[in-house]
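Report on the following structure.
Quick note: the coordinates plus some simple rules give every number you see, no bench work behind them. Since the model is a prediction, treat every value here as computed from it, not as a measurement. Heads up, the Cβs are rebuilt from the backbone with ideal geometry, glycines too, and the neighbour counts pull from every protein chain shown.
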Amino acid sequence: MVRRRAEHNECEIFSLEEVSLHQQDIERIEHVDRWCRDLKILYLQSNLISRIENVGRLKKLQYLNLALNNIEVIENLEGCESLQKLDLTVNFVGLVSSVLSLQNNTLLTELFLVGNPCAQFDDYRQYVVAALPQLQWLDGTEISRSERLRAAQGLEEVRRRVREQEKEHLRRRATEKEARMEKGDEERKPGCGGPASVETQENQEDQENQEEDEERREEDEERREEEFWNTPCAFTPESRLEAHRHLQEKKKGKEKRKEKQPKASRTLITADGRVMNVNEPKLDFSLTEDEENNTIVLNLEVYRHMDSSLLDVDVQPTYARVKVKGKIFQMVLPAEVKPDSSTAQRSQTTGHLVLTMTRAEGEIKVTKAVPRPASNSPADKERRRGVPERLEVDPSKRTAVDLTDIVPRQSTKEAPPTAAGHRLSDGFVDDPDVPPLL
């Protein structure tokens, strides 16, 4: 996951200075302090992290964003010597006294605790301002000099009230955890009406009609879904984690149903050989013809930081096909090209894929031969017996002199010509005693 976020750094993680891992369903912070020692900015908001850990070795870390997580205590940040900004918005920090662990972070100037239970305590702001004299901003509001002076007055009484509110918060959290454990035990009992019991009952029933069973199953899922979201519950780390896992199970169920349904295959070439234009990755492109170099250039705007190993290029005489992360882009070319003379390159600035295809010198168009029906006429029979058949040529495309009609065809019934080449008259009688004329 960290390496995928390092594409802008040539996938090198050891020299990373900024990494964004938000909305990745992360439950624990691991390995970052060993892999990315030069890290200055770390985004971990909108995850399921319950503890601040494994960041103490990040000496250069300046900004840590842990908003919208399940953190209850501020801890393990003493080693972040360069920390300037810490965002813990909408977490579950109830021990406001845990801010004392930030006293060694002398460069810390901004802190966000809005949306946490401790932000509802009486004297919360006065306590934090007095505990962290290096702060300049708290919850987006600047700390003035007069406010800092007021915070130092009556500090012992403020601390006492804060401790009492923390004890009350801890008692409430213990009650919530106990109630949550009891609820979990009830859900695991058979026959209590939960999802497991419904599935067990359905499996025991006779499924005589598959369509009716499917409809009943969908109705049960909709009912359980409505009950889950309409049942009131306390806003706790446990309830938030439960909602997340419920959504994950629902997502997996949809994926399984999709796997059961066969996906219709995309038609790339029709049965009659017609090539289709396809753009599954929905990328912008341009197709130009370079008359000077006798080439056709296809500029496909693939993602800039995508690795070239995820591209598969196939150039054919009449079309070009590119697979982008498994999705097919296919384009019919305006003229025939030479696949063996084509090149594919990536732009170093934009990352676009450029296909340069050399046009073929002559286009070869294949047409289907239409067989001529056989004829039984006497003329055709005579022609098939001894007379050679002449090929029919379009007169407009004739490039040579037609020599077939120069000498007239001789009839077999006529008398043979004489030696001089003249035809005999009608009353002529051939006398063998008369010598031939010279």
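How much length is gained if the chain between Arg172 and Asp312 is pulled fully straight, taking 0.36 nm per residue apart and subtracting their Cα-Cα distance, in nm to one decimal?
Value of the extension gain: 44.5 nm.
Could you give the spread of the C-alpha atoms of segment 278-359 along their three principal axes, from largest to smallest, in whole angstroms?
32, 25, 21
Each label point is 7 Å from the Cα along the Cα-to-Cβ direction; what then is the distance between the points at Gln136 and Glu225, in nm?
About 5.0 nm, to one decimal.
Sort 296-305, 243-252 by the packing proxy (mean of other Cβ within 10 Å over each peptide's residues), most packed first.
Packing proxy ranking, top to bottom: 296-305, 243-252.
How high is the relative contact order of segment 278-359, in percent, counting Cα pairs under 8 Å that sit 6 or more residues apart?
The normalised contact order for segment 278-359 reaches 32 percent.
Tally Lys/Arg at +1 and Asp/Glu at -1 over every other residue whose Cβ is under 13 Å from the Cβ of Val93; what's the total?
Spelling it out: positives minus negatives among the neighbours equals -3.
Return the Rg/Rh value of segment 4-166, two decimal places, where both radii are evaluated on C-alpha atoms and Rh is the Kirkwood radius.
Computed over Cα atoms, the ratio is 1.00.
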